[in-house]
Amino acid sequence: MNIGANIAHFNNTVKDIGVNAFISHNNDVNSMKPLRSTVGQPWFSYFLIESAGLFRNQQEIDNYTWTDPKTNAVKKIQPNAKPGDLKFIDADNNGIINDGDRKYMGAYDMPNYTYGMNLGAGWKNINLNVTLMGVSG
């Protein structure tokens, strides 16, 4: 008879990536790379533009504006939006939805713990082996 077990804890925080400011992990999605890793964030973090919900009607789109502090000119932040489109937050307050509006918003699902157990028993020429594995967190 034999019994074995293991458990591992995964601390998902990037400590160092060398000279790069970040590492992109995927191809473009609508010309953006939504998964990246940088120091202080979890590996495979989502780097996205935050949404304030959906535009419900044209009036909401027309009212979502930015005023240039130098010229007082008013412009729509999302001029091509249609009702039902996502309303993106202009986080850097420059009147344009771009990379400057992105922020880290959680990480790709990686478990905090992995564990396993194996059991084995034999009698004459009969063997029974059981392997159990799991993840959590």
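Against the conditions (1) over 17 Å from PRO34 (Cα atoms); (2) not in a strand (DSSP E or B), ALA121 satisfies every one except (2). Take the residues in region 124-137 that are touching a residue at least 24 places away in the same chain (Cβ under 8 Å) and either in a strand (DSSP E or B) or out of contact with any strand residue (DSSP E or B) (no Cβ under 9 Å at 6 or more places or on another chain) (or both); name whichever of them is nearest to ILE77 (Cα to Cα). Residue satisfying both the conditions and the ranking: SER136. One residue stands out in region 59-75 among those that are within 30 Å of the chain's Cα centre (by Cα) and not polar (S, T, N, Q): the one that is nearest to ALA91 (Cα to Cα), namely TRP66. Annotation: of all residues in region 33-90 being among the aliphatic types (A, V, I, L, M) and in contact with a helix residue (DSSP H, G or I) (Cβ under 7 Å, 6 or more places away or on another chain), the one that is nearest to ILE17 (Cα to Cα) is ILE49.
We did not get these values from a lab; they are worked out from the coordinates using the rules stated. Note that this is a predicted model, so its numbers are computed, not measured. Positions of Cβ are backbone-derived with ideal geometry, glycine not excepted, and every protein chain shown enters the neighbour counts.
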